[in-house]
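Student: Have a look at this one before I ask anything.
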Amino acid sequence: MSKKSTEHEKFSNFNVVVFGGDGDLAFRKIYPALFHRMLDGQIDEHFNVIAITRKAPDEKAFQEKTRSFLLTQDGKPATDGQWDKFKTKIALIRAEKPEADAFQDLKSFLLGYPDYENIFYFSTPSAAFGPISQTLKSCGLINEKSKVVLEKPLGNSLASSQQINTEITKAFDEHQVYRIDHYLGKETVQNLMVLRFANNLFQRTWDSISIDNIQITVSESLGVEQRADYYDQSGALLDMVQNHLLQLLCLVAMEPPHIIEADEVRNEKLKVLKALRPFTKATVQTDTVKGQYTRGNVQGAEVSSYLEDIGKYNSKTETFVAIKTFIDNFRWKNVPFYLRTGKRMKKRYSEIVINFKEIAHNIFPSKEKLNNNKLIIRLQPEERIELIQMTKVPGPGGYRYKPIALSLDYMDSFKERLPEAYERLLMDVIRGNQTLFMRQDELQAAWTWIETITEGWKQSNQPNVLYEAGTWGPGDLVLEKGTTWITKSWKD
Ligand code: BG6
């Protein structure tokens, strides 16, 4: 059972069992997150990480690879002492398939720690989630203290996600299920709630009376890396919009819950998802754009096209998507929400921009344009909040003014290493706090809306607009369609 101390929440007596234990996510995110929590003293020596692999593991190679991803707080490789400590916490166990016989080694290991809480982390293709749950159940490895963490994608359609859920809930109750969306663990994303609900300044201005439009952009310079098979079946819409961008949209648009408590927050997010205006065959053509990257130059390096990257020359999968949508409720009537994301863009750059309306009347004699106020919440690469406001240029003579940013840079203000999203989310799982995890009905509402887009694309046979790798996406072509919005906030 996890235990808490008063000044510092510390956790002990748990096993994290990672299915897909030799996968990319485990090496890049899960093990480093636990390592950091160990370095910070939040988890003590009473825990185990059990990496489950399907193939017979090469222990030495596994350890070398794990170590290569572990960095200290100041970004240096883990020291021998730190590694030696963490190494003793990792067990490597083979389970070739989700069948009782193959789970015997895991079972014997877990039985050796009868007082520990078991957290099963499913980082495999989601088709395996049901069979793994069933096998864990039939082996008697699930009890009321167990939890399960599900990595995305949870299926590739509404029907398949429901199917997975039905299978999972035969073994676990909803209160034991943690559907992870790592964007919700990012520090700036969490600050969104504090910014909105702890500052009176924005209370009366967060609506259609004061806001002109909201833009959410997640631009990546990376391509599809080693994940061609997965990505080609998902595309930007399912890989990024269905989860990360919609979750950001929910936090920006939801009503204040009366308390920050898991179901209260999730109830409010669900209302937003349900109020999203569904697309039709006609609106999908005017209000969405899908694109695919061609060869180009990203930050000085020549890169190949998407088709070359995946080695499949007839793929119609989109690597860029832009969507204009509306939330049909009192607060957001007629306020467009623009969602954009793409791979192989010019830079890694993610932000939420709240564009306030222009001032009603310019009283200054020069009549120079008064820019509208913008609240910019930068998620990455740096984590920062800026409020762009008009300011008088100092000096005698008439009024001259220009937009200046009031900015809060997290690193300057807090001077601390910001924990990675997975660190916080894993600690929340141990703590038993589901606030930052998606509930099944949220997922269902997200899929219902997403399917109006996939259906619309199918019916209208919407083509990909090609864009050169290393650019901000298919902006010019979109302009020709008569909608200028797409290039509005892509910046150099
Ligand atoms: C993942 C997507 O969920 O998020 C990836 O599957 C994407 O395709 C990644 O690259 C982006 O995460 P981050 O935290 O680097 O913005």
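Student: Where does the stretch 223-374 land on the Kirkwood hydrodynamic radius, alpha-carbon pairs, in angstrom?
Tutor: Numbers: mean 1/r = 0.0545 Å⁻¹.
For the stretch 223-374, inverting the mean 1/r across all distinct Cα pairs yields 18.4 Å.
Student: While we're here: Return the FRET efficiency for the residue pair Ala91, Arg400: r is the Cβ-Cβ distance, R0 is 51 Å, and the value is rounded to the nearest 0.05. Before the final figure, lay out each step's value.
Tutor: Values: r = 67 Å, r/R0 = 1.32.
After rounding, the FRET efficiency stands at 0.15.
Student: Can you find, among Leu406, Tyr422, Asn373, the residue sitting farthest towards the positive end of the charge dipole of the stretch 343-429, where Lys and Arg contribute +1 and Asp and Glu -1 at Cβ?
Tutor: Asn373
Student: Let me ask you something else. Go through the stretch 66-73 residue by residue and turn each phi into a ³J(HN,Hα) via Karplus (6.51, -1.76, 1.60, θ = phi - 60°); whole Hz please, and just put x for glycine and proline.
Tutor: Karplus values, whole Hz, x for Gly and Pro: 4, 4, 4, 9, 8, 10, 7, 4.
Student: Sequence-distant or interchain residues sharing an amide H contact under 5 Å with Thr72, placed H: which?
Tutor: It is Ala78, by chain and number.
Student: Leu158: net charge of surrounding residues, Cβ under 13 Å, Lys/Arg +1, Asp/Glu -1, itself excluded? Before the final figure, lay out the partial values.
Tutor: Values: positive: none; negative: Asp441, Glu442, Glu451, Glu455.
Net local charge, Leu158 excluded: -4.
Student: Spin-label point model (7 Å from Cα, Cβ direction): what's the Leu307 to Phe364 distance in nm?
Tutor: Placing both labels 7 Å beyond Cα along the Cβ direction yields 5.1 nm.
Student: Mind checking the per residue accessible area of the chain for me, 1.4 Å probe, whole number of Å²? Could the numbers behind the result be given before it?
Tutor: Details: 22600 Å² over 492 residues.
Per-residue value: 46 Å².
Student: From the C-alpha coordinates alone, can you work out the Kirkwood hydrodynamic radius of the chain, in Å?
Tutor: Details: mean 1/r = 0.0409 Å⁻¹.
Over the chain, the inverse of the mean reciprocal pair distance is 24.4 Å.
Student: Here is a further query. Could you run the Karplus curve 6.51 cos²θ - 1.76 cosθ + 1.60 with θ = phi - 60° over the stretch 322-330 and give me ³J(HN,Hα) per residue in whole Hz, x for Gly and Pro?
Tutor: Values, residue by residue: 9, 9, 10, 9, 10, 10, 8, 8, 4 Hz.
Student: With a 1.4 Å probe and all protein chains left in place, how much of the accessible area of the chain comes from carbon and sulfur atoms, in whole percent?
Tutor: 52
Student: Evaluate the relative contact order of the stretch 125-233 (contact order divided by residue number), counting alpha-carbon pairs under 8 angstrom at least 6 apart; express in whole percent.
Tutor: Reported relative contact order: 24 percent.
Student: How high is the FRET efficiency between Ala102 and Val194 when r is their beta carbon distance and R₀ equals 51 Å, given to the nearest 0.05?
Tutor: Numbers: r = 46 Å, r/R0 = 0.90.
The computed FRET efficiency comes out at 0.65.
Student: Quick check: the distance between the Cα centres of the stretch 236-308 and the stretch 99-176, to the nearest angstrom?
Tutor: Distance between centres, Cα-based: 28 Å.
Student: Only loop residues by DSSP count here, and only those with at most 14 other Cβ atoms within 10 Å; note down the GluC sites (Glu not before Pro) in the stretch 34-127 that meet that. Walk me through the numbers on the way to the answer.
Tutor: Details: sites: Glu45, Glu59, Glu64, Glu96, Glu99, Glu117; in loops: Glu45, Glu96, Glu99.
Loop-located and lightly packed - Glu45, Glu96, Glu99.
Student: Let me ask another. List the residues whose amide H sits under 5 Å from the amide H of Val465, counting only those 5 or more places along or on another chain, with H placed 1.01 Å from N in the peptide plane.
Tutor: For Val465, whose amide H was placed from the backbone, the distant partners under 5 Å are Lys290, Gly291, Gln292.
Student: Ignoring ligands, DNA and RNA, how do Ile310, Ile359, Ile327 rank by accessible area with a 1.4 Å probe, largest first? Could you put the intermediate results ahead of the total?
Tutor: Working: Ile310 30, Ile359 115, Ile327 0 Å².
Ranking Ile310, Ile359, Ile327 by accessible area, largest first, yields Ile359, Ile310, Ile327.
Student: Once you place label points 7 Å from the Cα toward the Cβ at Asn461 and Ser208, how far apart are they in nm?
Tutor: According to this spin-label approximation, the distance is 3.7 nm.
Student: A follow-up question, please. For the chain, what is the relative contact order in percent, using Cα pairs closer than 8 Å and at least 6 residues apart in sequence? Mind showing how you got there, number by number?
Tutor: Numbers: 877 pairs, mean separation 82.7, N = 492.
With pairs under 8 Å counted, the relative contact order is 17 percent.
Student: Still on this structure: Assuming R0 = 30 Å, can you tell me the calculated FRET efficiency for the pair Gln226 and Thr166, based on Cβ-Cβ distance, to the nearest 0.05? Write down the numbers at each step before the final one.
Tutor: On the way: r = 31 Å, r/R0 = 1.04.
Efficiency, rounded to the nearest 0.05: 0.45.
Student: For Ser208, what accessible surface area do you get with a 1.4 Å probe? Give it in Å², rounded to 10.
Tutor: About 30 Å², rounded to the nearest 10.
Student: If the limit is 18 Å between Cα atoms, which of Lys29/Lys65; Lys87/Lys137; Lys152/Lys316; Lys290/Lys343; Lys89/Lys137; Lys152/Lys186 go over it? Can you show the working numbers first?
Tutor: Values: Lys29/Lys65 13 Å; Lys87/Lys137 29 Å; Lys152/Lys316 22 Å; Lys290/Lys343 12 Å; Lys89/Lys137 25 Å; Lys152/Lys186 16 Å.
In this structure, Lys87/Lys137; Lys152/Lys316; Lys89/Lys137 lie more than 18 Å apart at Cα.
Student: Just check the stretch 236-300 against the gyration tensor rule for me: Cα atoms, a ≥ b ≥ c as the square roots of the eigenvalues, rounded for a/c under 1.5, and otherwise prolate or oblate depending on whether a/b exceeds b/c.
Tutor: Values: a/c = 3.76, a/b = 1.70, b/c = 2.20.
Oblate shape, in that a/c is at least 1.5 and b/c is the bigger or equal ratio.
Student: Same structure, new question: Ordered by residue, what ³J(HN,Hα) values in Hz, to whole numbers, does the stretch 132-140 give under the Karplus form 6.51 cos²θ - 1.76 cosθ + 1.60, where θ = phi - 60° and Gly and Pro are x?
Tutor: 5, 4, 4, 5, 4, 5, 5, 7, x
Student: Something else: Is it possible to state the helix-based mean residue ellipticity at 222 nm for the chain, with each DSSP H run of 4+ residues giving -39500 (n - 2.57), the sum divided by total residues, to the nearest 500 deg cm²/dmol? What is it?
Tutor: After summing the helix terms and dividing by residue count, I get -9000 deg cm²/dmol.
Student: Counting each pair of different Cα atoms once, what's the Kirkwood radius of the stretch 105-231 in Å, rounded to one decimal?
Tutor: Details: mean 1/r = 0.0549 Å⁻¹.
This gives a value of 18.2 Å.
Student: Which length gain, in nm to one decimal place, applies between Lys271 and Arg295 when the Cα-Cα distance is subtracted from 0.36 nm times their residue separation?
Tutor: On the way: separation 24, 0.36 × 24 = 8.64 nm, distance 4.14 nm.
Result: 4.5 nm gained on full extension.
Student: DSSP loop trypsin sites (Lys or Arg not before Pro) in the stretch 281-327 with at most 11 other Cβ atoms within 10 Å of their Cβ, which ones?
Tutor: Passing both the DSSP loop test and the Cβ count: no residue.
Student: Return the loop-located GluC sites (Glu not before Pro) in the stretch 139-225 (DSSP other than H, G, I, E, B) with at most 15 other Cβ atoms within 10 Å of their own Cβ; answer none if there are none. Provide the component values of the computation, followed by the final result.
Tutor: Numbers: sites: Glu144, Glu151, Glu167, Glu174, Glu187, Glu220, Glu225; in loops: Glu144, Glu151, Glu220, Glu225.
Loop-located and lightly packed - Glu144, Glu225.
The values are calculated or read from the model by the stated rules, or taken from the named source; none is laboratory data. If you're wondering where the values come from, they're calculated on a predicted model, not measured in any experiment. Because the Cβ atoms are built from the backbone with ideal geometry, glycine has one as well, and the counts that use them run over all protein chains shown. SASA here: full protein model, heavy atoms, side chains in, ligands and nucleic acids out. Shrake-Rupley method; radii C 1.70, N 1.55, O 1.52, S 1.80 Å.
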